[in-house]
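J.: Got a structure for you, questions after.
The values are calculated or read from the model by the stated rules, or taken from the named source; none is laboratory data. Computed from a predicted structure; not experimentally measured. Neighbour counts run over all protein chains shown; Cβ positions are idealised from the backbone, glycine included.
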Amino acid sequence: MKKIFLILGMTVATMSVAQNEIDFSSVDEFFKLADKLETGIEPTDEEWKQFFDSHGYSVSAGKSPLRKKIIMKMMNAAFNPNCQSLQDSVFTLFYEKIMDNPELMLSKMTLENYLDMKNHFLELKTFRNSDIFKTIEADAKNRLREFLVNPVDSLIIIPSISVLCYEYEGQSKDNGIVMDLNLLYKLSYLGTVDFLAHEMFHTYRRNFTNQNFPKISEFTNQLDHLQDEAIADLIDKKENIWETLSMKGLPAPIADMYIETYNSTPLILARLDSIICSFTDNKITTEQFNKEIKNYFFFGGHPNGYYMAKLIKNAGFEDELKKYFYNPVAFIKLYNKVAKIRSEYVFSEKFISYLEDMK
């Protein structure tokens with residue numbers, strides 16, 4: 001009962017942390033340009049500049065020319081009647097064949113989200129003004145506070161929160177959190193609270209991590225992402241992972257690949273172990289090693305990290321998992337301890353030794 005009471009935004013145990021006013025300037029810019037594109041008129045350079053200068057897009061795409069390019073092209077593909085051939089060329093792509101092409105993957109996901117938005121465009125414009133956005137931040141902070149072990153309230157500070165329109169996703173950046181409008185529209189209120197708390201966890205965690213660790217190599221960068229998403233996913237992922245994917249409205253082919261990646265976690269970890277051992281035994285070059293490791297975990301590490309975190313949680317080690325939420329080496333060693341108990345894949349001593357040297 002206490003948990004429900006807190007989540008619903010009541011005043012009990014509410015943290016005395018300043019609240020942001022959620023920024024919708026990027027949503028408003030999106031609606032404006034989408035309406036113009038539907039008349040067959042291409043926005044001017046100045047209008048595109050104003051669009052990407054809006055807060056949400058500046059946080060998400062400000063330093064990514066590729067993301068800007070994708071958003072511009074997919075908005076034309078979805079809304080401009082003169083760009084039907086572009087829409088067809090992207091829409092007919094098969095996810096299974098473009099998994100290794102981030103630009104095409106992101107383009108297809110963005111286009112499908114925009115086309116889906118067109119089915120309830122008026123409802124989305126109404127939803128933009130929903131009263132839920134008045135309480136969501138406070139409730140998400142309470143949800144995060146409940147989740148953490150010994151939380152430091154003064155560090156649960158979010159620079160900004162913005163809603164925009166891109167793919168079904170959210171991001172936690174140094175200068176704020178962004179969330180897709182259509183995704184929020186499909187989630188329940190509690191689902192939205194959990195989703196925002198997930199992104200807030202990433203922001204909170206950055207206060208504690210060794211910022212140099214991910215920069216040591218692509219390997220340490222991958223492990224840092226793996227732990228980051230593993231623990232955050234305990235906030236908003238259901239025990240049945242398919243239920244979460246259905247709730248988010250992911251396209252069926254993406255959901256199927258996500259589930260397959262999740263179920264293949266032991267094999268994926270075993271292959272990672274093999275790559276590390278081959279490298280330490282000088283069987284592959286540094287160049288080959290970096291090529292193998294770069295973007296090793298599909299879906300940003302979400303499915304494999306959640307598999308590992310859920311295994312640890314269900315074995316009764318959730319508090320220990322959360323206690324060292326900022327330490328990827330501790331995460332892997334805790335996983336190994338539990339894997340031995342649960343007869344899951346156990347990393348080799350050579351792998352652990354290599355990992356220890358990365359500290």
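J.: Hey, could you check segment 239-289 for residues that are of a type in the set (A, V, I, L, M) and farther than 24 Å from Val338 by Cβ and say which is surrounded by the fewest Cβ atoms within 10 Å (Cβ to Cβ)?
T.: Ala252
J.: So which residues in segment 316-351 are surrounded by fewer than 17 Cβ atoms within 10 Å (Cβ to Cβ), hydrophobic (A, V, I, L, M, F, W, C) and more than 20 Å from Thr209 (Cβ to Cβ), if there are any at all?
T.: Within segment 316-351, just Ile341 meets the criteria.
J.: With the checklist (1) at pLDDT below 95; (2) among the basic types (Lys, Arg); (3) within 27 Å of Ser160 (Cα to Cα) in hand, flag the one item Lys97 doesn't pass.
T.: For Lys97, the exception is condition (3).
J.: Moving to a separate point now. Name every residue in segment 333-359 that is touching a residue at least 60 places away in the same chain (Cβ under 8 Å) and among the aliphatic types (A, V, I, L, M), in order of residue number.
T.: Leu355, Met358
J.: Considering only segment 290-315, state which residues are of a type in the set (D, E, K, R) and either in contact with a strand residue (DSSP E or B) (Cβ under 8 Å, 6 or more places away or on another chain) or surrounded by fewer than 17 Cβ atoms within 10 Å (Cβ to Cβ) (or both).
T.: The answer is Lys291, Lys294.
Results for (1) of a type in the set (A, V, I, L, M); (2) at pLDDT below 95; (3) outside the structural domain of Leu245 (by TED's automatic domain parsing); (4) within 22 Å of Asp194 (Cβ to Cβ), shown as yes or no for each residue.
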| site | (1), (2), (3), (4) |
| --- | --- |
| Lys108 | no, no, yes, no |
| Leu111 | yes, no, yes, no |
| Asp139 | no, no, yes, yes |
| Asn142 | no, no, yes, yes |
| Arg145 | no, no, yes, yes |
| Ser154 | no, yes, yes, no |
| Gly176 | no, no, yes, yes |
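J.: Something else: Which of (1) of a type outside the set (Lys, Arg); (2) closer than 12 Å to Tyr166 by Cα; (3) not in a helix (DSSP H, G or I) does Phe30 not meet, given it meets every other one?
T.: Result: Phe30 passes all but (3).
J.: Additional query: Considering (1) at pLDDT 95 or above; (2) out of contact with any Pro (no Cβ under 8 Å at 6 or more places or on another chain), say which one Tyr262 fails and leave the rest.
T.: Of the numbered conditions (1) at pLDDT 95 or above; (2) out of contact with any Pro (no Cβ under 8 Å at 6 or more places or on another chain), the odd one out for Tyr262 is (2).
J.: Further question on the same structure: In the list Leu269, Leu321, which residue meets the criterion of being closer than 16 Å to Gln222 by Cβ and either in contact (Cβ under 8 Å) with a residue 40 or more places away in the chain or small (Gly, Ala, Ser) (or both)?
T.: Answer to the check: Leu269.
J.: While we're on this one: Could you list, in sequence order, the residues of segment 157-169 that are crowded, with 19+ Cβ neighbours inside 10 Å and at pLDDT 95 or above?
T.: Correct list: Ile161, Ser162, Val163, Leu164, Cys165, Tyr166.
J.: Restricting to segment 64-84, what's the tally of residues that are part of a helix (DSSP H, G or I) and either free of Cβ contacts under 8 Å to residues at least 24 places away in the same chain or within 17 Å of Gly300 (Cα to Cα) (or both)?
T.: 6
J.: Quick one: in segment 236-249, of everything that is out of contact with any helix residue (DSSP H, G or I) (no Cβ under 7 Å at 6 or more places or on another chain) and not in a helix (DSSP H, G or I), which residue is nearest to Phe325 (Cα to Cα)?
T.: So the residue we want is Glu239.
J.: Residue by residue through segment 85-99, note down the ones that are part of a helix (DSSP H, G or I) and either touching a residue at least 24 places away in the same chain (Cβ under 8 Å) or aromatic (Phe, Trp, Tyr) (or both).
T.: Passing the criteria: Gln87, Phe91, Tyr95, Glu96.
J.: Here are the criteria: (1) closer than 26 Å to Leu355 by Cβ; (2) at pLDDT below 95; (3) of a type in the set (S, T, N, Q). Tell me which single one Ser172 does not satisfy.
T.: (2)
J.: Output the number of the condition that Asp233 fails; it satisfies all remaining conditions of (1) under 15 Å from the mean Cα position of the chain (by Cα); (2) charged (D, E, K, R); (3) not in a helix (DSSP H, G or I).
T.: (3)
The rows are residues; the columns are (1) within 30 Å of Glu146 (Cα to Cα); (2) among the aromatic types (Phe, Trp, Tyr); (3) at pLDDT below 95; (4) outside the structural domain of Leu190 (by TED's automatic domain parsing).
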{"position": "Ser16", "(1), (2), (3), (4)": "yes, no, yes, no"}
{"position": "Leu33", "(1), (2), (3), (4)": "no, no, no, yes"}
{"position": "Lys36", "(1), (2), (3), (4)": "no, no, no, yes"}
{"position": "Thr44", "(1), (2), (3), (4)": "no, no, no, yes"}
{"position": "Gly56", "(1), (2), (3), (4)": "yes, no, no, yes"}
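J.: Quick check on my filter: what residues within segment 181-201 are at pLDDT 95 or above and out of contact with any helix residue (DSSP H, G or I) (no Cβ under 7 Å at 6 or more places or on another chain)?
T.: Glu199
J.: Can you pull out every residue in segment 73-90 that is loosely packed, with under 15 Cβ neighbours inside 10 Å and of a type outside the set (D, E, K, R)?
T.: Passing the criteria: Pro81, Asn82, Gln84, Ser85, Ser89.
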